[in-house]
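Worksheet for the structure shown next.
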Amino acid sequence: MRNGYELFVRPLLFCLDAETAHHVTMRLLGRASQFDVALSALKLFQPRPKPITLFGLKFPNPIGLAAGLDKNGVAVPAWAAFGFGFIEIGTVTANAQPGNPKPRIFRLPEQQALINRLGFNNDGADAIAQRLAALRVSGRWPAVPVGINIGKSRTTPLEQATDDYLYSFRRLRDFADYITLNISSPNTPGLRELQEPEKLSELLYVIGKEAGTAPKPLVVKISPDLSDTELKAILAVCEENGVSGIIATNTTLDHSSVAPQLDQAGGLSGTPLRDKSTALVREINARSTIPVIASGGIFDAESAMEKFHAGAVLIQLYTGLVYRGPQLLREIMDSL
Ligand SMILES: Cc1cc2nc3c(=O)[nH]c(=O)nc-3n(C[C@H](O)[C@H](O)[C@H](O)COP(=O)(O)O)c2cc1C
């Protein structure tokens, strides 16, 4: 049976092109985030709590908002009101940047999928730090953990990537309960090369050193398109550097399940990514003790349970939320 969002809200949003629908939603949730009455109304969707503690943080439930939906951190109180157990904002880059030319988000409803090639459009670390500082002062800072996902600015050469991440880390760490290093988006040229052991080692070492005596949990977000050898090497580097968690996975460049007439360049998310991302979660869990946060194709209770059975400790939603709405949270939590 369809839920209220699927019956009444999604048809309206899907009349708009995908990016306009996203902007309309973010504007509404951004406004709602400023008013206590509106936030109380959103709380109608809240699932019952099922707390867990991970890397010293208390999560009221294991379902988080995946990075990319609220890149600029404009609606943090609204996500908490919906009942997310944690919220990951970003990807934030050191420089504000417009991203790739539009159109750059495409729906594939038959496959419950999206393709995007946004390219880290965001307001930049300085503006986002200011916004988060204002949110703190407003008294509406959420009671759930907030992760900040950082990535490389497009104009920064790959050889200077570490400095770019370092800049965002310094600007944003005080607002973050954990920091995610995004080294797996397919839409910033060269970014995935940071998954190579030497480059990843350098990045983790420099950020770890900067964190010094007040370390923040560091989480690494990886691609689903890694070979077995690449995954092994990444896990070894993450273990050596005391990484707190791994997010598996980002979007895929494997479009073999997409009909050629519907295909677009960019990262594929949603149901076609589900099996690949679950397989990686299972693989990491078998080989390492680093906790895994699963992301990829979670659309219902069954696909969520699959991730937990594969060894995930937390899960994150993006495409499932676009297609199924906020009631998805309660649907999943009721089955746990
Ligand atoms: C439109 C769109 C934008 C995204 N932007 C980001 C991003 O900025 N940073 C990031 O780490 N992941 C980003 N992602 C990836 C998601 O966070 C998630 O890992 C991926 O889509 C798989 O989960 P899903 O199948 O539930 O969507 C984006 C995904 C989509 C669909």
When Lys and Arg each count +1 and Asp and Glu each count -1, what net charge do the other residues less than 14 Å away from residue 171, Cβ to Cβ, add up to?
-2
The chain: calculated mean residue ellipticity at 222 nm from DSSP helix runs of at least 4, using -39500 (n - 2.57):
-11000 deg cm²/dmol
In the neighbourhood of residue 1 defined by beta carbon distances under 15 Å, the net charge of the other residues (Lys, Arg +1; Asp, Glu -1) is 0
Rounded accessible area per residue of the range 107-152, 1.4 Å, Å²:
38
Quick one: which residues, 5 or more positions from residue 73 or on another chain, have an amide H under 5 Å from its amide H? H modelled 1.01 Å from N in the peptide plane, none for Pro or chain starts.
90
Between residue 240 and residue 40, how many nm apart are label points set 7 Å from Cα along the C-beta direction?
5.5
For q = 0.14, 0.16, 0.18 Å⁻¹, Debye-computed log10 I/I(0) when each Cα of the range 245-318 counts as one equal scatterer:
-0.42, -0.53, -0.65
Taking only the Cα positions of the range 12-85, the convex hull volume per residue in Å³ is 109
Ignoring everything but the protein chains, give the 1.4 Å probe accessible area of residue 196 in square angstrom, nearest 10.
80
Among 97, 261, 111: highest mean-square fluctuation, GNM of the chain, C-alpha pairs under 10 Å:
261
Provide, in order from the shortest bin, the percent of all Cα-Cα pairs of the range 96-193 in each 5 Å bin, continuing until the bin that contains the maximum pair distance.
2, 11, 19, 20, 17, 14, 10, 4, 1
Using θ = phi - 60° and Karplus 6.51 cos²θ - 1.76 cosθ + 1.60, couplings along the range 226-240 (whole Hz; Gly, Pro as x)
7, 7, 4, 5, 4, 4, 4, 5, 5, 4, 4, 5, 5, 5, 4
Under 16 Å from residue 232, Cα to Cα: aspartates and glutamates that are on another chain or at least 8 residues apart:
193, 196, 198, 240, 283
Compute the signed sum of charges (Lys and Arg +1, Asp and Glu -1) over the other residues within less than 11 Å, Cβ to Cβ, of residue 288.
0
With a point put 7 Å past each Cα toward its Cβ, work out how far residue 261 is from residue 50 in nm, to one decimal.
4.2
How far apart, in nm, are two points set 7 Å out from the Cα along the Cα-to-Cβ line at residue 308 and at residue 289?
2.4
Using the eigenvalues of the Cα gyration tensor, what equivalent ellipsoid semi-axes result for the chain when each is taken as the square root of five times the eigenvalue, whole Å, largest first?
27, 23, 21
Packing-based ranking, highest mean first, of 116-123, 87-94, 294-301 given that Cβ atoms within 10 Å are counted:
87-94, 294-301, 116-123
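The values are calculated or read from the model by the stated rules, or taken from the named source; none is laboratory data. The shown structure was predicted, so the numbers you read here are calculated from the model rather than taken from an experiment. When we count neighbours, we look across all protein chains shown, and the Cβ atoms used for this are built from the backbone with ideal geometry, even at glycine. Keep in mind that these areas ignore ligands, DNA and RNA; they rest on the heavy atoms of the full protein, side chains included. Shrake-Rupley method; radii C 1.70, N 1.55, O 1.52, S 1.80 Å.
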